[in-house]
1. Please enumerate the residues belonging to the stretch A:142-177 that are within 19 Å of A:PHE257 (Cβ to Cβ), charged (D, E, K, R) and within 13 Å of RNA strand B (Cβ to nearest atom).
2. A:ASP317 versus (1) over 22 Å from A:PHE126 (Cβ atoms); (2) in contact with a helix residue (DSSP H, G or I) (Cβ under 9 Å, 6 or more places away or on another chain); (3) of a type in the set (Asp, Glu): which is the lone unmet condition?
3. Quick one: count up the residues across the stretch A:446-466 that are more than 13 Å from RNA strand B (Cβ to nearest atom) and either farther than 13 Å from A:TRP532 by Cβ or surrounded by fewer than 20 Cβ atoms within 10 Å (Cβ to Cβ) (or both).
4. Kindly provide the set of residues from the stretch A:515-553 that are surrounded by fewer than 22 Cβ atoms within 10 Å (Cβ to Cβ) and among the hydroxyl-bearing types (Ser, Thr, Tyr), ordered by number.
5. If only one of A:SER426, A:SER443 is of a type in the set (Ser, Thr, Tyr), near RNA strand B (Cβ under 8 Å from one of its atoms) and modelled with pLDDT of 95 or more, which one is it?
6. Just for strands (runs of 3 or more DSSP E) wholly inside the stretch A:256-335: which have at least 3 residues that are within 12 Å of RNA strand B (Cβ to nearest atom) and either under 33 Å from the mean Cα position of the chain (by Cα) or not charged (D, E, K, R) (or both)?
7. Which of the numbered conditions does A:LEU544 fail, given that it passes all the others? Conditions: (1) within 13 Å of RNA strand B (Cβ to nearest atom); (2) out of contact with any His (no Cβ under 9 Å at 6 or more places or on another chain); (3) hydrophobic (A, V, I, L, M, F, W, C).
8. Quick one: how many residues across the stretch A:41-56 are part of a helix (DSSP H, G or I) and either within 9 Å of RNA strand B (Cβ to nearest atom) or at pLDDT 90 or above (or both)?
Amino acid sequence: MHGLMSPKDVLYRGIAASLKELGLDPDALAFHVETPPRPEMGDFSSNVAMVGARQAKKAPRALGEAMLPLLHALPEVERVCIEGPGFLNFVLSDAFYHEQLEVILHAQELVPEPMPERRQKIQLEFVSANPTGPLTVGHGRQAVIGDVLASVYQRLGFDVTREYYFNDAGKQMQLLARSVWVRYQELFGHEHPIPEGGYHGEYITEIARNIQQSHAQQFVGEDTPEVLAFFLETAKNALLSSIQKTLEAMSIRFDVFFSERSLFEDGTVSLVQELLAKKDLVYQKEGATWFRASAMGDGEDKVLIRSDGGPTYFFTDIANHYKKYQRGFEKVYDIWGADHHGHISRMEAAMKALEVPEGFFNVILHQMVSLKQGGEIMKMSTRAGNFVTLDELIAWVGQDATRYFFAMIDKDTHFTFDIDLAQSRSMDNPVYYLQYAHARICSLFEKASEKFPEFQLASGLSHLTGQEDRQMIRMIALYPSVLEEVVQNNAVHRLTNYLFELASRFHHYYNHFPFIDPSQSEVSSGRLSLAWATRKIIRDGLGLLGVSCPETM
RNA sequence: GCGCCCAUAGCUCAAUCGGAUAGAGCAUUGGAUUUCUAAUCCAAAGGCUGGGGGUUCGAUUCCCUCUGGGCGCGCCA
């Protein structure tokens with residue numbers, strides 16, 4: 001028995017052992033075990049003979065020939081041969097597949113026990129929108145990527161903190177406070193201009209109205225620092241709670257909401273400045289305080305403290321990340337929209353200057369989102385206030401579609417969200433395809449309890465010997481490998497693609513083989529067990545995606 | 001001008017850290033249900049992977065270049 005171990009890993013180990021036997025060093029060879037493009041080629045294939053040819057000082061096929069007897073001797077291997085330019089193609093034994101399936105059927109957790117070094121304390125920071133307005137659809141993409149990644153990391157044994165960093169100390173907050181103040185004055189007939197760069201959205205007026213309700217005319221004509229601080233606090237709280245409500249509507253919960261202001265209060269900001277100054281990386285120019293980023297390999301020096309005395313976002317964000325390091329995370333990931341990519345090299349320069357170890361700070365960039373409706377791309381401008389909010393999107397297409405759609409696209413691809421398509425709630429929607437597969441299986445067991453009450457889970461597996469049976473089991477058994485891929489590439493769309501294909505194979509299987517046939521109870525038991533395992537994986541996968549999994553549709 | 005990302009079927013996207021004959025869904029055409037959920041399945045058609053060069057056993061993938069698009073390049077965040 002292998003316990004819960006992906007067949008890829010089983011083969012990888014076997015191949016590595018064979019290499020050693022031939023006097024080669026497997027660790028020096030970047031070979032892979034993959035599923036071949038066409039089923040006739042076998043269950044799995046490896047490029048090891050081609051990759052190892054140089055080290056072995058043999059032609060790929062010659063090395064392959066030398067490995068064949070060793071590989072054939074592996075207990076899991078039924079057949080192995082050399083094909084094409086030197087691929088080793090494997091067919092694994094039925095017994096191995098049955099064992100795999102049985103382990104999965106009984107497994108509590110669908111992934112192997114994590115190695116101790118896997119239990120890293122990591123942090124994912126995402127969304128982190130300033131509390132100056134509602135979340136946009138772009139934040140939605142980020143929220144889904146971050147939340148799903150966090151879930152997968154967790155599943156694989158990492159100690160994950162989901163974090164939302166919000167700016168409650170910067171210049172934007174002053175503008176926010178002043179904007180609300182202006183709207184408030186307007187309610188009493190006093191006209192003031194919205195400041196340059198201020199906020200015009202309807203939600204600003206709403207906050208002003210709330211203040212009018214609670215404090216009546218108390219602040220009319222008053223713009224002392226205390227009054228503005230009150231407006232700031234009120235607006236911030238109102239917007240943060242509305243943002244949290246939006247996130248709730250997507251079932252996204254953060255472990256920590258981290259305040260920018262706290263970095264000033266606990267001295268992190270001044271500590272960072274001291275540390276940088278000690279290294280002669282800080283200087284004064286034109287009334288501002290600068291960071292010598294150029295000395296750290298970044299292009300141009302950057303301002304830390306403006307000539308008006310206020311810290312820049314960059315400065316506090318350095319403190320934010322230094323604080324993360326102090327908080328004991330081993331690795332942190334920031335998920336940023338592509339419009340923030342210019343920030344990366346600066347931040348890396350700062351981390352280097354503060355002697356934060358390389359590899360601690362990581363950025364996961366995702367490309368922008370645009371919306372299409374009625375065949376036309378909707379032009380959105382946050383500044384002009386004519387953007388589609390995430391709340392609106394969720395209301396249009398629902399939580400499941402919102403999450404699935406954002407998760408199914410490679411983060412490096414600019415995503416055009418077709419609202420009409422997602423809204424149609426038809427079979428175009430891949431979410432339903434997956435949910436339907438799950439509901440179908442549930443229905444199967446409903447029926448089985450009537451017509452085939454003697455069914456026992458994990459019996460009759462030895463009758464699963466057809467090509468389709470083997471492919472289904474292989475697909476199911478690859479689930480842990482897929483989660484590994486998600487984490488290695490920070491690519492959540494690998495998971496949606498996999499689940500979609502799993503559902504597709506199941507639908508195919510369903511249409512070709514009967515599951516419940518009391519006259520063939522052994523075969524039926526085997527197939528039902530297969531269906532049970534499929535359901536287990538779909539449930540788990542949709543759970544990681546945060547997509548619901550109804551039992552009937 | 002400099003930097004990051006992208007360009008794949010009519011449309012939206014995949015392609016396992018360089019692998020074998022580039023795959024799905026939608027749309028189009030034609031089929032499948034007296035039997036476990038037809039929100040399903042089967043089949044057909046659809047491509048010089050934006051152009052050109054290079055690296056090697058092998059390139060959608062890596063390098064160079066050109067074209068086209070998105071996003072940055074602030075004492076905003």
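1. A:ASP168 - this is the single residue of the stretch A:142-177 that is within 19 Å of A:PHE257 (Cβ to Cβ), charged (D, E, K, R) and within 13 Å of RNA strand B (Cβ to nearest atom).
2. Checking A:ASP317 against (1) over 22 Å from A:PHE126 (Cβ atoms); (2) in contact with a helix residue (DSSP H, G or I) (Cβ under 9 Å, 6 or more places away or on another chain); (3) of a type in the set (Asp, Glu), the one that fails is (1).
3. 10
4. Scanning the stretch A:515-553 gives A:SER519, A:SER521, A:SER548, A:THR552.
5. A:SER443
6. By residue number, A:288-291, A:302-305.
7. (1)
8. Qualifying residue count, the stretch A:41-56: 7.
The values are calculated or read from the model by the stated rules, or taken from the named source; none is laboratory data. Predicted, not measured: the structure shown is a model, and the values here were computed from it. All Cβ positions, glycine included, derive from the backbone under ideal geometry; neighbour counts span all protein chains shown.
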